[in-house]
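Encoded as structure tokens, the structure appears first; notes follow it.
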Amino acid sequence: DGVGHERGEAGDGALARATYFDSMTLTQAAASAEVGRLLRERARLEVEIEQFKSRKTELPESAYWDGLEKMFVELAKVNRGIKKGGQ
């Protein structure tokens, strides 16, 4: 709808959070057990990141940003593995 929202639960946020564009089709990805493992790991990390973000007000600012950075780096490595076909 072109309208931004503060929280991922509002509007199209849930759809946007679950949508991922990649050069590999689901069939190609499913053909590799390693890619399947990486896809599950990515889904786990995405849930972990959302849970961590919901705790932002409970954490010191530096701990929040350090933790979030660590998880995003891990997610980037998993995504790189997926793009490489699990190699």
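Pairs of alpha carbons in the stretch 38-87 separated by more than 17 Å make up 37% of all such pairs. Projecting label points 7 angstrom from Cα along Cα→Cβ for E48 and K84 puts them 1.9 nm apart. Enumerate the lysines that K83 could reach by cross-link, defined here as Cα to Cα under 23 Å, with residues fewer than 8 away along the same chain left out. Straight-line reach from K83, under 23 Å: K70. Full extension of the chain segment joining K56 with E34 gains 4.6 nm, where the gain is 0.36 nm per residue of separation less the Cα-Cα distance.
Computed from the coordinates by the stated procedures, all read-outs in this text should not be read as laboratory data. All values reported here derive from a predicted model rather than from experimental measurement. Reconstructed Cβ throughout: ideal geometry from the backbone, glycine too, with neighbour counts over all protein chains shown.
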